[in-house]
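The values are calculated or read from the model by the stated rules, or taken from the named source; none is laboratory data. Computed from a prediction, not measured in an experiment: that's the story for all the values here. When we count neighbours, we look across all protein chains shown, and the Cβ atoms used for this are built from the backbone with ideal geometry, even at glycine.
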Amino acid sequence: MSNNKFDVCIVGAGVAGGTLAAYLSSTGKKVIVIEKMMGESDKIIGELLQPGGVEMLYNMNLEHVLDGIDAQIIEGYGLFYREERIKVSYPTKEAKTYTGRGFRYGKFISSIRNNLKSLPNVTLVEGNVTEMMEVGNKVVGVKYIDKHSDEEILVEASLTIACDGSGSIFRKRLSDAKQTVSSHFLGLEVENENLPYPCHGHVMLLDPSPCLCYPISSAVCRVLIDFPTTVAPRKSDELIDYLKEKIVPQFPLEIRANLVEAINGGKFKIMPANLVPAIPKFISGAILLGDSFNMRHPLTGGGMTVALTDVYSLTNILRNIDLNDDSVLAQAIKEYYEKHHYHNASINILADALYGVMRDPLLRKACFEYLKKGDGYAAEPISLLSAISRKRSTLLKHFFSVALFGVNDNLRYPTPTNVGKAFNMIKNALQILNPLMLNEQPGVVVKSALKVTGVILNK
C-alpha cells in the first residue's frame, strides 16, 4: 500500500469533479482526481448547458473545454402546443447576448479530462474508490483500487469531495436526502437538418407529458420523450406502436419523418429523472458536489449549471484558507452549503415546478398562453430558465401569474365546471410548488407557512 498526500481529493472526473480540479489547480492547491472509468461515455445526461453554465466556465477561464467537440450554439427555445408555436430568445444584458451549448456528453467530459492532464497541480488516476478513510469523526482521505495495477492505494487529503454522480456511494454518509424518480426520458438521435428553429432547443407540450429536442452536434439532435412513470419503459412492439401512434403525431411536422426513422432504428437510451434535495450532513473533511449532492428534473437542463456554480463558489471559498485548520475548514464547508441554496434554489424549483405544470393539462395550456403574450411575460421566465437570473421572487411571481392567468381565463364564463377548474388550478399549483420550496431551506416564517399550506392541501 503506497501513501499520497494532497490538499484535495476529488472522487469523480465528470463535469463537477473535472472542472473543480482545474479551477482549484489555479489557486495552487495540490489535487488528486480519481475516476472509475476514463473511456468516452455515451450517456444522454448533460447534453445542454444553459447560458448561466457557459458564463461560469468563462468566469473560471475554462471556456476552452467547449472547443473542438462540435458544440452547437443554442440561442433560445421553441415552444410547441398543439398546432401553435412560439420562439423565445435567451436574454440580452448590457449589449451582451447570452447563449447555451448543445454537445455530446462524452466529448465534453473527454475535453475536461484532457485539460486536467496538462495542469501541474493535478494528478488524474483511473481507479475505483472503495471507501472514505476516517479518524474519529473526520474524513482524512480515501482508499481506491488502481485499475491498471489492482493495487490498493491510500490517498490522504485535507478535504475529500465526492463528485461521483447520481449513483454516489457516499451520499448516504454525507447527506440525509432520499433519491426519488419522477419520470424517465427515452432518448433518440435524429438528423437536425429540419429543425423548426435552428440553434434552438425545442419543448413540445404533449399529452401526457413534455418532450425535448435540441442539437448535440452539427448533424444530430437529441430527442427526449418523457414517460411519467417510476418504472423505465422497455423496448417492445407495444412501445414502438405507442411512440408512432401517440407521440409522433404530436411533434412538429418538420421532425416527424426523422423521428420515425430513429424509432425504427431502435437505438433507445433511458435516463431516470431523479430528485435529490440538498440536505447535507456536516462531516469534517468531506463534502458532496454535483449530482451526488443535489439533482432536479432534467427538463430545464439545469444540472450542469448548478454543478459549475458550486464549483465556482466552493473554489473561491477555499482559495485563501488553510485546509489543515479544522475550524476554518468547517466554516468553509458550512458557507459552501449555504451558498448552494442561495445560488441554485431558483434552478431547482423551476425544473420540477415546470415539469409539474407541463404534466397538468390546465396549467400546461395556461403556461403556453402566458408565454405567448411575449415581452416581460416571456423574457423574465426565459432569463430564469437560462440561469442568467436566479431571483426566487421572480420565479414565484411568474409561477403564480401563470396559475392566475389560467384561473381568469376559466372565470370569464363562471359556470360550475369552470369554477371547479379554476379552483383545481390553484390547488395543483400549490401542490407542485410547496414541497419544492421546502427543499431549498427557506427561512423560519416561510417554512412554517409552507408546512401549514401543505397540511391544508393534503386534507
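Summary table
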read-out: Any hit, the range 159-169, residues being free of Cβ contacts under 8 Å to residues at least 60 places away in the same chain and not acidic (Asp, Glu); value: yes
read-out: Check on Tyr214, assigned by TED's automatic domain parsing to the domain that holds Asn258, outside any strand (DSSP E or B) and not small (Gly, Ala, Ser); value: no
read-out: Restricting the range 258-293 to residues that are among the charged types (D, E, K, R) and outside any loop (DSSP other than H, G, I, E, B), the residue that is nearest to Glu193 (Cα to Cα); value: Glu261
read-out: Subset of the range 157-204 (residues that are under 20 Å from Leu243 (Cβ atoms) and part of a strand (DSSP E or B)); value: Ser183, His184, Phe185, Leu186, Gly187, Leu188, Glu189, Val190, Glu191, His202, Val203, Met204
read-out: Every pair of residues 6+ apart whose Cβ atoms lie under 6 Å, when the first sits in the range 282-298 and is touching a residue at least 12 places away in the same chain (Cβ under 8 Å) while the second is among the aromatic types (Phe, Trp, Tyr); value: His297/Tyr355
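Residue by residue, here is whether (1) surrounded by 24 or more Cβ atoms within 10 Å (Cβ to Cβ); (2) part of a helix (DSSP H, G or I); (3) not assigned by TED's automatic domain parsing to the domain that holds Asp409 holds:
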position: Thr305; (1), (2), (3): yes, yes, yes
position: Ala366; (1), (2), (3): yes, yes, no
position: Ile382; (1), (2), (3): no, yes, no
position: Ser389; (1), (2), (3): no, no, no
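A quick yes/no check of all residues on (1) in a helix (DSSP H, G or I); (2) closer than 23 Å to Ile86 by Cβ; (3) of a type outside the set (Gly, Ala, Ser); (4) without any contact (Cβ under 8 Å) to a residue 24 or more places away in the chain:
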| residue | (1), (2), (3), (4) |
| --- | --- |
| Tyr336 | yes, no, yes, no |
| Asn344 | yes, no, yes, no |
| Val357 | yes, yes, yes, no |
| Leu371 | yes, yes, yes, no |
| Ser401 | yes, yes, no, no |
| Phe405 | yes, yes, yes, no |
| Asn418 | yes, no, yes, yes |
| Leu430 | yes, no, yes, no |
